[in-house]
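Notes for the one structure printed next.
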Amino acid sequence: MQTILEILAPVIAALLMALIPVLVAALVQWFRKLGIDIEAKHRDALQSALQSAAMLALARGTGQGASYAAIEYVRQSVPDAVAKFALDDQRIGELLLPKITEAKVQARRPEAAS
């Protein structure tokens, strides 16, 4: 029995040494995918918050107060996404502009009125 173990020990060691890089590569790929999934969730949450903030800005009317309220809404709704993408108030405002324009167009459509 001991002779078999003595013969198999180098084979097992060689197999383990060959498998370690494969396992490490698989783990690295899994962690990358996990990171991509998390980033996608942050992006989707941010887009949703921007859309809601645009509607809030429209409801409040034009002016600085509406803009500040919309920016604050985004900051409070998705603080993790704001931190992840390192968004300051100016950048959030820039991201809000197309959403506000889109919301205005949606509000003017005849089917939106009914």
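The values are calculated or read from the model by the stated rules, or taken from the named source; none is laboratory data. Since this is a predicted model, take the numbers as computed values, not measurements. Here the Cβ positions follow ideal geometry from the backbone for every residue, glycine too, while neighbour counts run over all protein chains shown.
Brief remarks follow.
- Hits in the range 66-92 - residues which are surrounded by 13 or more Cβ atoms within 10 Å (Cβ to Cβ) and over 15 Å from SER52 (Cβ atoms): TYR68, LYS84, PHE85, LEU87, ASP89, ARG91
- Among the residues of the range 93-114, just one is touching a helix residue (DSSP H, G or I) at 6+ places or on another chain (Cβ under 8 Å), without any contact (Cβ under 8 Å) to a residue 24 or more places away in the chain and more than 14 Å from SER52 (Cβ to Cβ), namely ALA112.
- Of the candidates GLN29, GLN51, GLN47, the single residue that is at pLDDT below 90 and either surrounded by 10 or more Cβ atoms within 10 Å (Cβ to Cβ) or not polar (S, T, N, Q) (or both) is GLN29.
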